[in-house]
1. Name the residues whose placed amide hydrogens come within less than 5 Å of the amide hydrogen of residue 237, ignoring near sequence neighbours (fewer than 5 apart) on the same chain.
2. Given the range 110-220, what whole percent of its Cα pairs are spread farther than 16 Å?
3. By how many nm would the segment from residue 209 to residue 56 lengthen if fully extended, with 0.36 nm per residue of separation less the alpha-carbon distance?
4. Suppose all protein chains stay in the model; what accessible area per residue would a 1.4 Å probe give for the chain, in Å²?
5. Please report, in whole Å, how far the alpha carbons of the range 44-94 spread along each principal axis, starting with the longest.
6. In whole Hz, what ³J(HN,Hα) sequence does the range 8-13 give by Karplus (6.51, -1.76, 1.60; θ = phi - 60°), x for Gly and Pro?
7. Just to be sure I understand: if I project the alpha-carbon convex hull of the range 201-247 onto a plane and average over all orientations, what area do I get in nm²?
8. Using the basic label-point model (7 angstrom from Cα toward the beta carbon), what is the residue 239 to residue 107 distance in nanometres?
Amino acid sequence: MSKISSDSQETALVTGASRGIGRAIAIVLAASGRFVYLNYHSNHAKAQQTLDQIKEQGGDGALLPFDVTDKQASETAIGKIIAEKGKIEILVNNAGIREDMLMVWMKEENWQRVLDTNLTGFFNVTRLVVKKMLPKRYGRIINISSTSGQVGQAGQVNYSASKAGLIGATMALAKEIAKRNITVNAVAPGFIETEMVEGLPLDQIAQSIPAGRLGLPEEVADAVLFLCSRKAAYITGQVLGINGGIC
Ligand code: NDP
């Protein structure tokens, strides 16, 4: 890959980039020439593997562990990006967890942890990043929602609520900042082969998907890559399903 001067090189932050979908997104963004900050919670070994792979492919990036539920930690992390790069053009809000159970069995902490990570995490990070994008009059924000947030999934009242909330936030924020050339979109993956779906009856699930299989993290990443590009300038406030036809 030819080296890009640091002024013209876009800066990206991908939350939850140590593994799964976030890892695949970080890899394609770096391969397309962006400097990518890889956020994660605690899995340092997996995050380092992602960064090593990026560097082996001629890309560049840095590890940026912090808990997206922690307002102060988020502020420190975004401050570090701005201190080092002076700008941030791309934010992918991907960090997420699930704690599935029927609502009758759900404890308040199961509700709160999922909402805190999947929805308040978006708020903690995006609020700060948008402030840095506005004066530059450019930005791309992609939120990783889910089919579960579009149609609801039994056993996922907390998760579906968090992912539906993310869709509402995407549409509202898009309207607030469209005039500054900052686009905000969501992608809604169906079942994607990552650690998150381990333990689910995958053969049975595959049969219920029109495409007959689960999706790959790379298939989500390529769609995100396009939404992060200059060519996607007129797409904002949208939700793109990546689900093999399941809804
Ligand atoms: P994984 O469980 O494989 O990875 C989750 C990532 O999120 C990890 O990098 C993890 O970091 C990070 N993370 C979790 N909590 C926090 C936190 N508090 N602060 C910072 N980082 C955190 O998940 P997937 O790759 O499968 O999912 C990625 C996103 O896509 C999620 O938002 C998920 O809801 C969504 N999604 C996934 C689908 C699927 O079928 N896999 C379908 C639809 C949506 P660490 O490694 O340090 O724990």
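1. The list, which skips near neighbours in sequence, is 184, 185.
2. Beyond 16 Å sits 65 percent of the P(r) for the range 110-220.
3. 51.6 nm
4. Values: 11790 Å² over 247 residues.
Using a 1.4 Å probe on heavy atoms only, each residue of the chain averages 48 Å².
5. The Cα atoms of the range 44-94 stretch 32, 24, 17 Å along their principal axes.
6. Here the 3J(HN,Hα) series is 8, 6, 6, 9, 10, 10 Hz.
7. Working: hull surface 15.6 nm².
Mean orientational projected area (the range 201-247, Cα hull): 3.9 nm².
8. Rounded to a tenth, the inter-label distance reads 3.1 nm.
The values are calculated or read from the model by the stated rules, or taken from the named source; none is laboratory data. Please read all numbers here as calculations on a predicted model, not as lab measurements. Every residue, glycine among them, receives a Cβ derived from its backbone with ideal geometry; neighbour counts consider all protein chains shown. When the accessible area is computed, the model is the full protein with side chains, heavy atoms only, and any ligands, DNA or RNA have been set aside. Shrake-Rupley method; radii C 1.70, N 1.55, O 1.52, S 1.80 Å.
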